[in-house]
Amino acid sequence: MEDNRNHLRFLFVRAGRIFALAAVCMAATAMAQPQPTADSRSATTQTVLSPGLASPDNQRYRIGAGDLLDIHILNRPNLSRDSVRVDGSGMIRMPLIESDIQAACKSEGELAKEISKGYLKYYRNAQVDVFVKEFHAREVALIGSVNSQGRYQMERRIRLLELLTFAKGPSDKAGQTINIIRGPRTDLCTSSANSADTAGGFISLRLNDTLRGEEKANPYMEAGDIVTIPEAEQVYVIGSVNTPRSLPLKEPITVSRAIAMAGGPQRDAKTDKVHIVRQLANGEKSEIYVNLSAITRKHAEDVMLQPNDIVEVPESTGKSMIRSLLGAVVPSVANLPVRVIP
């Protein structure tokens, strides 16, 4: 028993020495760590990054001509500047720095470091923050059959599909094409090696391909791009149908489908002599008669409609509205305004 007690006493003493040694080591390690100074703590806020700068280098927003910058220098209010305009050559000026500073093609962080270097002869570690206050160098326009037309300022690179989401998507009248008018690029950041890509041009894409996110139909937007979605061409269904209306030709539509989309024929409709008025390229009119009942039974061809066709489902009484509407509808279709994109 005495031997056991002595053995336990030895183990407790040894464990106490180990714990004491560990505590001394931890304290020494903590003392060896460098303590943060006021300068090091403030250095973490040297540059405030915009959301776009959190992305990879090719996604970062690069300052361009026309942008407005706020430039703040810590504890140097006499040197800080608000609403500094980047001039047409991409340069800005700052107090005490004799030469112009190139701002174009730099991110906010890169320009902050450049300005800090310019003050080295006056201040050893000038802490500079640069913020883009207004984005003017990366602007695109979106017009046509979209739910929210407008000009959009890009703080980062975006693709066409993302731009459409900001415009709340295409409207119900949108056609099947989406066009990009790309003017000659005057980007200061474009190297001469890429001069072949700066000539601009006209790009026409299938809207459905873009909405599916297919890469070939979802290009990156460039500054100055004008994106337009033309309205779909129309056909008109009138007469003895439940909902006379115009229908956008987003895809090929047959006469039976058009009548169905207009609510179907009314009870007193004369479906064996549906009247189609088609305006030809030379300005003349062509008239086609189809038997909807025969089409339904698959005994006759379901005629494919063309842009500006007028489909009249007559009443069984023989009364026809087509003559009264021809003088109003057809001229109005022919005289629709042509939109010219500058």
Can you spot a residue in the stretch 258-279 that is within 28 Å of Leu207 (Cβ to Cβ) and at pLDDT below 90? yes
Taking only pairs six or more apart or across chains, which ones have beta-carbon atoms under 7 Å, a first residue in the stretch 68-95 that is under 13 Å from Tyr119 (Cβ atoms), and a second residue that is among the aromatic types (Phe, Trp, Tyr) and open to solvent by 30 Å² or more (accessible area, probe 1.4 Å)? none
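So which residues in the stretch 169-186 are farther than 18 Å from Pro248 by Cβ and either touching a Lys or Arg at 6+ places or on another chain (Cβ under 9 Å) or at pLDDT 90 or above (or both)?
Within the stretch 169-186, Ile180, Ile181 meet the criteria.
Would you call Ala260 within 21 Å of Asp172 (Cβ to Cβ) and without any contact (Cβ under 8 Å) to a residue 12 or more places away in the chain?
yes
Every residue, every condition in (1) in a strand (DSSP E or B); (2) open to solvent by less than 50 Å² (accessible area, probe 1.4 Å); (3) within 22 Å of Ser145 (Cα to Cα), yes or no:
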site	(1), (2), (3)
Thr210	no, yes, yes
Gly213	no, yes, yes
Gly224	no, yes, yes
Thr228	yes, yes, yes
Tyr236	yes, yes, yes
Pro252	no, no, yes
Ala258	no, yes, yes
When the residues of the stretch 110-145 are filtered to those that are touching a residue at least 60 places away in the same chain (Cβ under 8 Å) and open to solvent by less than 10 Å² (accessible area, probe 1.4 Å), which remaining residue is farthest from the chain's Cα centre (by Cα)? Val128
Please work out which residue is most open to solvent (accessible area, probe 1.4 Å), limiting yourself to the stretch 261-304 and to residues that are in contact with a Pro (Cβ under 8 Å, 6 or more places away or on another chain) and within 19 Å of Lys250 (Cα to Cα). Met304
Failed item, numbered, when Asp87 is tested on (1) at pLDDT 90 or above; (2) within 27 Å of the chain's Cα centre (by Cα); (3) on the phi > 0 side of the Ramachandran plot; (4) not basic (Lys, Arg): (3)
For the stretch 156-168, which positions are surrounded by 15 or more Cβ atoms within 10 Å (Cβ to Cβ) and part of a loop (DSSP other than H, G, I, E, B)? Arg156, Arg157, Ile158, Ala167
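When you go through Tyr220, Tyr289 one by one, which is the residue that is more than 19 Å from Gln176 (Cα to Cα) and in contact (Cβ under 8 Å) with a residue 40 or more places away in the chain? Before you say what the answer is, go through the steps one by one.
Numbers: Tyr289 fails: in contact (Cβ under 8 Å) with a residue 40 or more places away in the chain.
Just a single option satisfies the conditions, and that option is Tyr220.
The values are calculated or read from the model by the stated rules, or taken from the named source; none is laboratory data. Just so you know, these numbers come straight off a predicted model, no measurement behind them. Please note: Cβ atoms are built from the backbone with ideal geometry, for glycine as well, and neighbour counts cover all protein chains shown. Note: accessible area is taken over every heavy atom of the protein model, side chains too, but ligands, DNA and RNA are not part of it. Shrake-Rupley method; radii C 1.70, N 1.55, O 1.52, S 1.80 Å.
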